[in-house]
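Worksheet for the structure shown next.
Rule-based calculations on the coordinates, nothing more; no lab input. None of these values were measured; they are calculated from a predicted model. Using ideal geometry, Cβ is built from the backbone for each residue, glycine included, and neighbour counts are taken over all protein chains shown.
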Amino acid sequence: MIGAVWFWIVAGMLAAYVVLDGFDLGVGILLPFLARSEYDRRQVLRSIGPVWDGNEVWLLAGGGTLFFAFPLLYASAFSGFYLPLMIVLWLLILRGLGIELRSQVESEVWRSFFDGIFVLSSSLLAIFYGAALANVIRGVPIGTDRYFFLPLWTNWQTGVSPGILDWYTVLGGVVALVALAHHGALWLAYKCQGDLEVRASKIAKRLFPVLVAITLVSLPATVIARPNSLASYQQHPVLFIVPVLVLVALIAIAILRARKQSLYSFLASSLYLAVMLVGAAAGLYPVLLPSTNPAVKDITVAEALSGSYPIHVGLIWWTFGIFLAVLYFTVSYWLFRGKVSSDAGYDHE
Amino acid sequence: MDRLLLDRIQFAFTITYHYLFPQLTMGLALLIVVLKWIALRKNDERYNQAARFWAKIFAVNFVLGVVTGIPMEFQFGTNWSEFSRQTGGVIGQPLAMEGVFSFFLESTFLGLFLFGEKRISRLAHFGAAFMVWLGSWISGFFIIVTDAWMQHPVAYHVLPNGTYEVASFRGLLLNPWAWIQYAHNMCGAVVTGAFVMAATGAFYLLDKREVEFGKLFLKVGVIAGLLSCLVQIFPTGDIHGRYVAKHQPAAMAGMEGLFHSEMGAPIVLMGQPNMEQQKIDNPLAVNKVLSFLIYGTTRAEVQGLDHFPRDQWPTTLPLLYYSYHIMAGLGTWFALLMVVAVFLLWRGKLYTTRWVLWPILLSFPLPYIANTAGWMTAEIGRQPWLVYGLLRTAAGYSPHVSSGNSLFTLLGFLGMYSVLSILWVVIVYRVIQQGPNMPKNNNETLAA
């Protein structure tokens with residue numbers, strides 16, 4: 001029971017990360033397609049300036065919580081995904097620099113360089129996150145010592161000994177790229193003014209059918225890649241509300257965007273991302289990391305869960321800490337609410 | 001190449017490089033709060049402008065601290081998975097708490113502090129600066145709790161599968177080692193912040209520009225510098241040293257280069273440890289002082305390295321010895337310099353005394369070296385243990401990550417961090433060149 005609580009706490013924190021950092025990753029992906037002048041670029045970056053770092057904290061806090069609650073999973077997965085994880089770390093470093101250092105030196109070359117870094121790292125991170133989630137869903141070749149080490153690719157097939165990249169995980173990467181770009185477009189439509197708002201809205205509109213199509217492809221693909229993923233759903237038919245909610249969210253996005261209710265269409269997109277992730281997590285539970293080798297057991301919640309004392313104490317401080325975090329976020333988003341414009345920025349007199 | 005060595009070098013390199021930034025931001029955060037406080041109390045806009053200038057330096061260093069900090073949290077799992085699996089039930093707790101209690105606080109209020117000065121009242125802006133300081137110091141606390149458990153494991157029990165679980169949450173957080181190490185470390189961060197501020201002030205005065213701000217930085221810098229330097233030596237350094245002597249006697253013997261147990265042991269001020277002949281070459285020593293420092297009496301016996309089996313000696317012993325001596329030597333220099341500076345400040349002569357301004361300017365890199373050397377003393381002294389007395393370093397790394405992969409990522413970090421260093425120099429140089437008299441709303445700068 002307490003294991004389930006921690007499973008959903010970690011899943012929830014990672015979902016919060018995807019929804020929140022997702023829009024600023026999306027902004028990074030779209031920067032070259034949207035911003036035509038320095039004025040535009042500054043406006044785009046201002047829309048995420050005060051919040052991107054806080055958004056990224058959900059990844060760190062989620063990672064720390066995962067380590068605390070499921071040490072075996074942390075040890076096995078992080079060493080097993082060694083190379084892609086290190087690449088993600090390097091991309092996170094580059095991305096932080098891209099956002100924060102671009103305006104430090106007044107030079108076209110300097111700014112273009114950091115904009116390029118920002119776009120490239122944001123796009124690759126989206127792809128890596130999608131592929132990472134797909135890896136967890138598909139499973140990895142866990143050994144009897146509960147460790148594994150995945151090469152970047154093998155034969156591009158799912159199966160007993162897959163690589164980080166195969167047809168399914170690449171598909172996952174593309175889904176994430178499209179979904180986060182779309183998410184970012186809706187954020188910009190909400191935060192920007194004038195031409196930029198119109199262009200962002202137009203991009204969201206164009207990405208939408210792609211998103212719907214790729215979402216529909218990803219569902220059966222998941223069942224092919226991991227036939228077991230339907231087991232939870234068959235056991236608890238109430239879970240079929242998840243795909244229904246995905247559809248509802250998609251329809252809501254389209255309607256709200258058409259009505260120019262940019263905040264609500266962005267929130268609908270947040271719901272879409274959250275429900276997709278909840279669906280994936282529900283399909284996994286009670287497994288944390290599936291084994292592709294039928295002879296070796298999956299890593300489950302029960303096996304990886306930390307001792308009884310720490311996870312009970314943890315529940316107390318975690319609840320208190322997250323209450324504070326939500327409070328900070330509310331204050332911050334409320335203070336920086338509304339539209340942003342470039343030369344005015346947030347602190348114009 | 002040896003797996004264990006590569007993993008150790010990668011962790012040592014990435015953590016040492018990372019800590020160049022937090023030591024400044026944790027120290028500066030406090031000094032910025034002080035500047036904002038004076039501005040509020042005296043209703044003096046110059047102090048606000050000074051705070052804005054330091055906020056720019058802070059912002060750059062904070063970003064570099066954040067991006068180089070992310071790999072630290074993940075490297076426990078990537079490179080030290082056996083350590084993580086066995087001790088996650090203990091150290092997972094403070095590490096997760098750092099994320100939940102500190103990172104959210106820091107990041108949110110830093111956004112407010114840097115972007116929100118026009119949106120919130122002066123008092124609220126002071127509050128934002130205060131929260132950034134609080135967040136960064138809470139972060140330091142949880143990291144030190146983690147390290148302190150590795151140095152001096154308390155409040156745990158062993159589960160049937162051989163892994164460790166925290167037995168008392170209070171016991172873990174109230175580990176005495178953590179509190180004394182925390183006091184010593186945070187004080188060290190203030191030394192770095194104060195020296196950087198004082199050196200910038202000395203630079204402006206010697207360069208004959210921004211004179212008003214130069215004086216202001218110098219004044220705040222040397223006063224904070226003197227206080228932190230003195231507390232660094234006594235009581236924090238003193239108590240910390242006794243703790244090490246009590247709980248890690250082999251580490252203490254290594255730090256002091258004491259090869260043989262001795263009554264009335266001398267303190268070695270200089271000299272080179274000769275591992276082959278087990279003695280100190282060219283020693284410059286003061287008799288009986290070590291016994292006195294540890295036990296309060298000149299006659300007490302201090303255990304030398306010969307007291308311990310060879311497999312419990314700290315590995316890379318000469319490096320431990322040098323790290324400790326560099327830290328202690330620099331600490332002495334800091335205290336001397338600051339005593340002279342504050343005396344001259346009191347006499348009203350500091351701003352014109354060039355022979356003191358120059359050493360203050362040139363000393364700015366030294367606290368970085370001292371802080372690094374201090375951490376090297378703590379962590380090399382802990383060897384050959386990952387968790388002192390419980391888990392050997394050689395038993396902690398990831399079993400399936402090959403040395404080729406370790407070397408690949410080590411080289412990647414070396415390359416990436418070289419680029420970061422160049423960017424840091426360019427940007428900080430530019431901010432200092434620009435000076436504190438910049439226009440109030442610098443739109444060119446996204447972060448300030």
What Kirkwood hydrodynamic radius do you get for the protein assembly as shown when you take the inverse of the mean 1/r over all pairs of distinct Cα atoms, in Å? 27.9
With everything on Cα atoms, drop me the angle between helix A:108-138 and the longest principal axis of chain A, reported from 0 to 90° to the nearest 10. 30
Note, the stretch B:401-411: 3J(HN,Hα) by Karplus (6.51, -1.76, 1.60, θ = phi - 60°), whole Hz, Gly/Pro = x, goes 8, 6, 5, x, 5, 4, 5, 4, 6, 4, 5
Using a cut-off of under 18 Å, list every residue of the stretch A:163-194 whose amide N is near the label point 7 Å from the Cα of A:Leu219 along the Cα-to-beta-carbon line. A:172, A:175-176, A:179
Computed from every Cα-Cα pair in the stretch B:201-247, P(r) in 5 Å bins starting at 0 and rounded to whole percents is 5, 21, 16, 12, 10, 10, 8, 8, 6, 3, 1
Cβ-based charge dipole, the stretch B:310-448, positive-most Cα from B:Gln312, B:Val339, B:Gly374: B:Val339
Rounded, prolate or oblate (a/c below 1.5 giving rounded, otherwise prolate when a/b exceeds b/c) for the stretch B:78-211 by Cα gyration tensor: prolate
If a/c stays under 1.5 just call it rounded; otherwise compare a/b with b/c (prolate if a/b is bigger, oblate if not). Do that for the stretch A:195-303, with a ≥ b ≥ c from the square roots of the Cα gyration tensor eigenvalues. prolate
Taking the Cα centre as origin and putting +1 on Lys and Arg beta-carbons and -1 on Asp and Glu beta-carbons, what dipole magnitude results for chain B, to the nearest 20 debye? 1540
Rg to Rh quotient for the stretch A:143-214, alpha carbon positions, Kirkwood Rh: 1.26
Evaluate the relative contact order of the stretch A:137-191 (contact order divided by residue number), counting alpha-carbon pairs under 8 angstrom at least 6 apart; express in whole percent. 21
Could you work out the per residue convex hull volume over the alpha carbons of the stretch A:36-130, in cubic angstrom? 104
Expressed to two decimals, the stretch B:176-227 has a Cα Rg over Rh, using the Kirkwood radius, of 1.20
In terms of the ratio Rg/(2.2 N^0.38 Å) built on C-alpha atoms, what value belongs to chain B? 1.02
Got a sec? Which residues in the stretch B:179-221 would a label at A:Val313 touch, if it sits 7 Å along Cα→Cβ and we count backbone N under 20 Å? B:179-182
Cα point-scatterer Debye curve for the stretch A:241-348, base-10 log of I(q)/I(0) at q = 0.16, 0.18, 0.22 Å⁻¹: -1.03, -1.08, -1.15
Two decimals is fine: what is log10 I(q)/I(0) at q = 0.09, 0.12 Å⁻¹ for the stretch B:286-440, from a Debye sum with one equal scatterer on every Cα and no solvent? -0.57, -0.90
Range of Cα positions in the stretch A:128-169 per principal axis (Å), largest first: 27, 20, 14
Take peptide A:320-328, look around each residue's Cβ out to 10 angstrom, count Cβ atoms belonging to other protein chains, and average those counts. 4
Dipole magnitude of chain A, debye to nearest 20 (Cβ charges: Lys/Arg +1, Asp/Glu -1, about Cα centre): 860
Computed curve, the stretch B:23-98, Cα-only Debye sum without solvent term, log₁₀ I(q)/I(0) at 0.14, 0.21, 0.24 Å⁻¹, is -0.62, -0.89, -1.01
Angle between the Cα long axis of helix A:167-191 and the longest principal axis of chain A, 0 to 90 degrees, nearest 10? 30
Classify chain A: rounded, prolate or oblate, from the alpha-carbon gyration tensor (a ≥ b ≥ c, eigenvalue square roots; a/c under 1.5 rounded; otherwise prolate if a/b is larger than b/c)? prolate
For Cα pairs less than 8 Å apart in space and 6+ apart in sequence, what is the mean separation divided by the residue count of the stretch B:238-381, i.e. the relative contact order in percent? 25
Could you state the angle between the C-alpha long axis of helix B:238-247 and the longest principal axis of the C-alpha atoms of chain B, as a value from 0 to 90 degrees rounded to the nearest 10? 20
Place a +1 charge on the Cβ of each Lys and Arg in the stretch A:97-184 and a -1 charge on the Cβ of each Asp and Glu, then give the dipole magnitude about the Cα centre in debye, rounded to the nearest 20. 260
Provide the three semi-axes, in whole Å and in decreasing order, of the ellipsoid equivalent to the stretch A:31-76 as defined by the square roots of 5 times the Cα gyration tensor eigenvalues. 37, 11, 5
Given only helices, namely DSSP H runs of n ≥ 4 each adding -39500 (n - 2.57), what is the per-residue ellipticity at 222 nm of the protein assembly as shown, to the nearest 500 deg cm²/dmol? -24000 deg cm²/dmol
Those GluC sites (Glu not before Pro) from the stretch A:95-196 that are DSSP loop and have at most 14 other Cβ neighbours within 10 Å turn out to be A:Glu106
Just to check I understand the Karplus step: with θ = phi - 60° and J = 6.51 cos²θ - 1.76 cosθ + 1.60, what whole-Hz values come out for the stretch B:132-145, glycine and proline as x? 4, 4, 4, x, 5, 7, 5, 4, x, 4, 5, 5, 5, 4
³J(HN,Hα) across the stretch B:265-281 via Karplus (A = 6.51, B = -1.76, C = 1.60, θ = phi - 60°), whole Hz, x for Gly/Pro? 5, x, 9, 8, 7, 9, x, 10, x, 9, 5, 5, 9, 6, 8, 9, 7
Counting only C-alpha contacts under 8 Å and six or more residues apart, can you give the relative contact order of chain A as a whole percent? 24
